[in-house]
C-alpha cells in the first residue's frame, strides 16, 4: 500500500517556476501622468521595480523612454509586458532581456575613503574596471563607472573593504543594436 493519492485532474498543486530578471523598454507619449500610470500598474498587482529610468527621447514626437527592470516568473513577466502594451499612451514595448540585439548599461558614482595601501589598492582596482576618477582629495576618491549592473555590483563589493562611503546609481538604460528604431 502506498501513501500517495491517485492523480486527479482537479489537483491544483504545481511547481512554481523560478523567477528571472527582465528589462522592458517602453516608448510612451510624453504627457502628464504616464509614469504614474506605469508605476500604478506595478503597485496594483504587487510587482516590484528593481530599477526605473525615464527621459524624453524625442521632443518633436513627444515621446519618452521608460526602462523598467523587474523580476518574476515567466508567466508574470509575460503578463507585465501585456499590461504595458495595453496602456493607452504606450507606443511600443520591448523585452530587452529576450532580444539578442539588446544592450543594457548602468552608470554609478562611488565615493571611497582611504589612505596608504587601501588608497593604492582602490586606484588599482578602479584601473582594472576602467572606472574614471572624477574627484579626488587627500582622503577620498569619487569614481565613475559604466557597464552592466553585474560589473558595477562586483566593483562595489571590491570597494567595500577599501573604504566605500557612498554609492549612487542611475538605474539600467537600454537600447537595441543596429539601425532599427522601435
- Query: Quick one: helix 74-86 against the long Cα principal axis of the chain, what's the angle to the nearest 10°, folded into 0 to 90?
  - Reply: 90 degrees
- How high is the relative contact order of segment 83-166, given as a whole-number percent (alpha carbon pairs under 8 Å, six or more residues apart)? 35 percent
- Task: Report, in degrees rounded to the nearest 10, the 0 to 90 angle that the Cα long axis of helix 34-45 makes with the longest principal axis of the chain.
- Result: 60 degrees
- For labels at residue 49 and residue 154 in the simple 7 Å Cα→Cβ model, what's the distance in nm? 2.9 nm
- Message: Can you tell me which of 106, 144, 31 moves the most in a GNM of the chain? Springs connect C-alpha atoms under 10 Å apart.
- Response: 31
- Message: Give me the one-decimal nm value for the distance between modelled label points at residue 136 and residue 103, 7 Å along each residue's Cα-to-Cβ direction.
- Response: 3.0 nm
- Message: Can you tell me which of 68, 49, 27 moves the most in a GNM of the chain? Springs connect C-alpha atoms under 10 Å apart.
- Response: 49
- Message: For the chain, what does the helix formula give at 222 nm: sum of -39500 (n - 2.57) over DSSP H segments with n ≥ 4, over the residue count, nearest 500 deg cm²/dmol?
- Response: -8500 deg cm²/dmol
- Report the paramagnetic label zone for residue 29: residues of segment 54-88 whose backbone N is under 17 Å from a point 7 Å from Cα along the Cα-to-Cβ axis. 56-66, 84-88
- Query: When you take every Cα atom in the chain, what is the radius of gyration, and what is Dmax, the widest Cα pair distance, in Å?
  - Reply: 21.7, 77
- Message: Below 8 Å between Cα atoms, with a sequence gap of 6+, how large is the relative contact order for the chain in percent?
- Response: 24 percent
- Task: Given the options 46, 72, 163, state which has the largest fluctuation in a GNM of the chain using a 10 Å cut-off (strictly under) for Cα springs.
- Result: 46
- Task: Give the Cα extents of segment 20-99 along the principal axes, in whole Å, largest first.
- Result: 37, 27, 20
- Query: Using alpha-carbon positions, what is the distance between the centroids of segment 47-68 and segment 75-142, in Å?
  - Reply: 16 Å
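Since every read-out is calculated from the coordinates, none of them should be taken as a lab result. Please read all numbers here as calculations on a predicted model, not as lab measurements. All Cβ positions, glycine included, derive from the backbone under ideal geometry; neighbour counts span all protein chains shown.
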